[in-house]
Amino acid sequence: TEALEALVGMHQALAAVQAERAATPEHARRANAELRARMRAADNYSPHIEEAAAQLLQAIDHGGGPITRTAVDKLAGHLGFRLVHTGNLPLSTRSVTDLANRRIFLPQPDAGQSDSRWLALQALGHIVLGHEVPADYAEFLSQRVEINYFSAALLMPESSVVPLLGRAKAALEA
């Protein structure tokens, strides 16, 4: 009886996994739609992320304008991490964060490629925003949007961009 109960339990678990996999495209569409609705309701603006970025830039005495690779290294140091550029990460790997030793491994950019500021800022974004391992695709997607927003908020700080956009708008209206 115990063996049969175990087999029935395994069969039910396998059927549940297969049903979940079959529903994944619909789940992804639903998660995307919910995220788009939340972003639209907030006018694609996340003040808590902008504030976190501004506080970090202030902590490293960033003088304004686009953030440099040196400033990204300072940010990592301020957060207690060290950025390590290595040439032996798998091609599909964006970064690896070693929480125990406080290191973030990034791919070494080849000659002519852009630097890895964006990847470093995304990895730091998970830390600053307190992300945990996502429970589902919707949470994964939300975290990806947040780290992209965080990275952009550091690369193009609100305090520098808003006046620039205001001047551009005034020039168009003139």
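The values are calculated or read from the model by the stated rules, or taken from the named source; none is laboratory data. Please read these numbers as outputs of a predicted model, since none were measured by experiment. Cβ: placed from backbone, ideal geometry, glycine included. Neighbour counts: every protein chain shown. When the accessible area is computed, the model is the full protein with side chains, heavy atoms only, and any ligands, DNA or RNA have been set aside. Shrake-Rupley method; radii C 1.70, N 1.55, O 1.52, S 1.80 Å.
Of the GluC sites (Glu not before Pro) found in segment 123-153, the ones in coil according to DSSP and having at most 13 other Cβ atoms within 10 Å of their Cβ are Glu132.
Taking a point 7 Å from the Cα of Arg30 along the Cα-to-Cβ direction, the residues of segment 119-144 with backbone N closer than 20 Å to it are 134-144. Close amide H contacts of Arg82 (hydrogens built in the peptide plane, cut-off under 5 Å, sequence separation of 5 or more or a different chain): Arg103, Ile104. Each of Asn148 and Val17 was given a label point 7 Å from its Cα along the Cα-to-Cβ line. The distance between the two points is 3.1 nm. Taking 0.36 nm per residue of separation and subtracting the current Cα-Cα distance, fully stretching the chain between Glu139 and Ser159 would add 4.3 nm. Across segment 79-94, rounded Karplus estimates of 3J(HN,Hα) from the backbone phi angles (6.51 cos²θ - 1.76 cosθ + 1.60, θ = phi - 60°) give 8, x, 10, 10, 8, 10, 8, 9, x, 10, 7, x, 4, 7, 8, 7 Hz, Gly and Pro being marked x. Summed over the residues of the chain and divided among them, the accessible surface reaches 66 Å² per residue at a probe radius of 1.4 Å.
Protein heavy-atom surface of segment 115-174, 1.4 angstrom probe: 64% of the accessible area is carbon and sulfur, with nucleic acids and ligands not counted.
Provide the percentage of antiparallel DSSP beta bridges, counting only those with both residues in the chain; round to the nearest 5. Here the antiparallel bridges make up roughly 40 percent for the chain. Report the local net charge at Val72: Lys and Arg +1, Asp and Glu -1, summed over other residues whose C-beta lies under 9 Å from its C-beta. In short, +1.
Label zone of Asp115 (point 7 Å out along Cα→Cβ, amide N under 12 Å): in segment 69-89 this covers 69-75. Seen against the Cα atoms of the chain and their longest principal axis, helix 69-78 is set at about 60 degrees. When only alpha carbons of segment 111-164 are considered, Rg and Dmax amount to 13.2, 39 Å. Couplings 3J(HN,Hα) for segment 154-169, derived from phi with the Karplus relation 6.51 cos²θ - 1.76 cosθ + 1.60 (θ = phi - 60°), are 7, 5, 10, x, 3, 5, 8, 7, 4, x, 4, 5, x, 5, 5, 5 Hz, where x marks Gly and Pro. Only Cα sites of the chain enter the Debye sum here, all with the same form factor; the resulting log10 I(q)/I(0) across q = 0.13 1/Å is -0.82, listed in q order.
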